[in-house]
Amino acid sequence: MLAKTSAGPDLLVDALPSLASLPRAGLVSGPTPIEPLAGLPDVYLKRDDLTATDYGGNKIRKLDYLLADALARGRRTLTVFGYAGSNFVAATSWHARKLGLQVQGGLLPQRPAVYVADNLSISLHCGTDLFLRDADSGIVMAAAGRAVRSLAGGRLPYWIPPGGSNALGALGFVAAAFELQSQIEGGLLPCPAALYVPFSSMGTVAGLCVGLALAGLPTRIEAVQVVSDRHAGRDALGRLIDRLARLLRRHGIRLPQTDFLMSRVSVRTKFYGGEYALATPTVKAAMTRFTEATGARSDSAYSGKALACLFADRDAALNPGPALYWHTFSATALPPGVVRTPLSQVPDALKPYWAFARVADGPGAPPECIYA
Ligand SMILES: Cc1ncc(COP(=O)(O)O)c(C=O)c1O
């Protein structure tokens, strides 16, 4: 049976009881820790790399609602999308399997890195049906073909948009804002003036933007863009917030106008570097600085770019006042019992990602390989 989050009370439902009817899968292992970020006065770290003990990261909060919804609708298969090294496809594969759900994952090519082979290994370990295509249209067509075949078997797959970023997925981050509020009230950190987080499929920022408003926190969001404008931007964020507002309205919860909510969000484009997952020198330096300060690992696609923005602002004394960096990359590279898939068992289309991983593991690994 589906459970509420296993650790302690459901703070979102305590604050907004009408949301009790929305099931959760119980994937989030409790409030994620808040820590001061060593070496940066007045900067705190929200450890969403630890959302789940076996395999965490920001996707778990979205999957908590999405997987529960899929089960409640009687679906047995999920269709998900991402880049080859997608954390979302890996996280969905891992957590869905525990709930008895199968996954089909449509992938776009990306720059290789060690974490790409690791994430693909998680999906392969879980038996996910992975299909790599060169363009968005190619993966949608391939997924549609699979959906038609599943329908012939009597069940529609449950389609989840890239990154789990629909209104229901974003609700996981409305809940996260209430978690933050209780940690502020508990004295773990002052109310942050600014919150730094990566901005990709936008569900994290949309949920936080709405959640902070509902929780009465005046924190500004520095949404650090990590994908091209085609995939993330203010207009698309506004549409996602509108959809989240409609979901909340159906439960009797009213929100201020989207424009007003979005006036608290700055989209920071400078750290993207023109290519998804490209580790620019600034990003590499930020990742090294972060790992030295905290011991936590980071990645060049998401956390490295948000960190680059945070460090640049603090070093230039921009955005004064307490700041919170929301760390979204899973603390563990591979869940328990998962090893990197031996090359001989890797589908041909994915083999190029293994060539890089083997080089990266050897002596004199190039700096792009720093991820832990
Ligand atoms: C590690 C990590 N951080 C941040 C994000 C961005 O979150 P969102 O897609 O909700 O914008 C992602 C999305 O894939 C991610 O994998």
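The values are calculated or read from the model by the stated rules, or taken from the named source; none is laboratory data. This is a predicted model, so every value here is computed, not measured. We place every Cβ from the backbone using ideal geometry, glycine too, and count neighbours over all the protein chains shown. We work out accessible area using only protein heavy atoms, side chains counted, and drop any ligands, DNA or RNA first. Shrake-Rupley method; radii C 1.70, N 1.55, O 1.52, S 1.80 Å.
Read through the list (1) in contact (Cβ under 8 Å) with a residue 60 or more places away in the chain; (2) surrounded by fewer than 22 Cβ atoms within 10 Å (Cβ to Cβ); (3) within 13 Å of the ligand (Cβ to nearest atom), then give the number of the only condition that Val226 fails.
Result: Val226 fails condition (2) only.
Which of the numbered conditions does Trp326 fail, given that it passes all the others? Conditions: (1) under 30 Å from Pro17 (Cβ atoms); (2) of a type outside the set (A, V, I, L, M); (3) within 17 Å of the chain's Cα centre (by Cα); (4) assigned to a helix (DSSP H, G or I).
(4)
Given the options Arg268, Arg250, name the one that is in contact (Cβ under 8 Å) with a residue 24 or more places away in the chain and either closer than 23 Å to Thr332 by Cα or open to solvent by 10 Å² or more (accessible area, probe 1.4 Å) (or both).
Result of the check over Arg268, Arg250: Arg268.
Could you please find all residues in the range 174-196 being part of a helix (DSSP H, G or I) and surrounded by fewer than 16 Cβ atoms within 10 Å (Cβ to Cβ)?
Of everything in the range 174-196, just one residue is part of a helix (DSSP H, G or I) and surrounded by fewer than 16 Cβ atoms within 10 Å (Cβ to Cβ), namely Glu185.
Residues checked against (1) within 30 Å of Ser298 (Cα to Cα); (2) within 13 Å of the ligand (Cβ to nearest atom); (3) assigned to a loop (DSSP other than H, G, I, E, B):
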site: Ala213; (1), (2), (3): yes, no, no
site: Leu217; (1), (2), (3): yes, no, yes
site: Arg230; (1), (2), (3): yes, no, yes
site: Asp242; (1), (2), (3): no, no, no
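What tally of residues in the range 74-98 results from selecting those that are part of a helix (DSSP H, G or I) and away from the ligand (no atom under 13 Å from the Cβ)?
Residues flagged as part of a helix (DSSP H, G or I) and away from the ligand (no atom under 13 Å from the Cβ) within the range 74-98 amount to 6.
Being within 16 Å of Gln225 (Cα to Cα), modelled with pLDDT under 95 and within 15 Å of the ligand (Cβ to nearest atom) narrows it down to one residue among Tyr276, Tyr325; which is it?
Tyr276
Going by what's in this entry, would Leu27 be described as assigned by TED's automatic domain parsing to the domain that holds Pro190 and closer than 19 Å to Gln183 by Cα?
So Leu27 fails the test.
Just give me the residues in the range 192-211 being near the ligand (Cβ under 7 Å from one of its atoms) and of a type in the set (Gly, Ala, Ser), in sequence order.
Matches in the range 192-211: Ser200, Ser201, Gly203.
Would you check if Ala296 is in a loop (DSSP other than H, G, I, E, B), within 16 Å of the ligand (Cβ to nearest atom) and touching a Pro at 6+ places or on another chain (Cβ under 9 Å)?
No, not satisfied.
Looking at (1) over 19 Å from Thr291 (Cβ atoms); (2) away from the ligand (no atom under 14 Å from the Cβ), can you tell me which one Tyr44 breaks?
Looking at each condition in turn, Tyr44 falls short on (1).
Identify, from the list Leu71, Leu108, Leu101, Leu50, the residue that is in contact with a Leu (Cβ under 6 Å, 6 or more places away or on another chain) and either open to solvent by 10 Å² or more (accessible area, probe 1.4 Å) or more than 12 Å from the ligand (Cβ to nearest atom) (or both).
Result: Leu101 is the single residue among Leu71, Leu108, Leu101, Leu50 that is in contact with a Leu (Cβ under 6 Å, 6 or more places away or on another chain) and either open to solvent by 10 Å² or more (accessible area, probe 1.4 Å) or more than 12 Å from the ligand (Cβ to nearest atom) (or both).
Collect the residues in the range 151-165 that are open to solvent by less than 70 Å² (accessible area, probe 1.4 Å) and within 16 Å of the ligand (Cβ to nearest atom), keeping them in residue-number order.
Ile160, Pro161, Gly163, Gly164, Ser165
In the range 271-316, how many residues are surrounded by fewer than 17 Cβ atoms within 10 Å (Cβ to Cβ) and either touching a strand residue (DSSP E or B) at 6+ places or on another chain (Cβ under 7 Å) or more than 23 Å from Gly57 (Cα to Cα) (or both)?
Total satisfying the criteria: 5.
Any idea which of (1) touching a residue at least 40 places away in the same chain (Cβ under 8 Å); (2) surrounded by fewer than 16 Cβ atoms within 10 Å (Cβ to Cβ) is the one Pro41 doesn't satisfy?
Answer for Pro41: the failing condition is (1).
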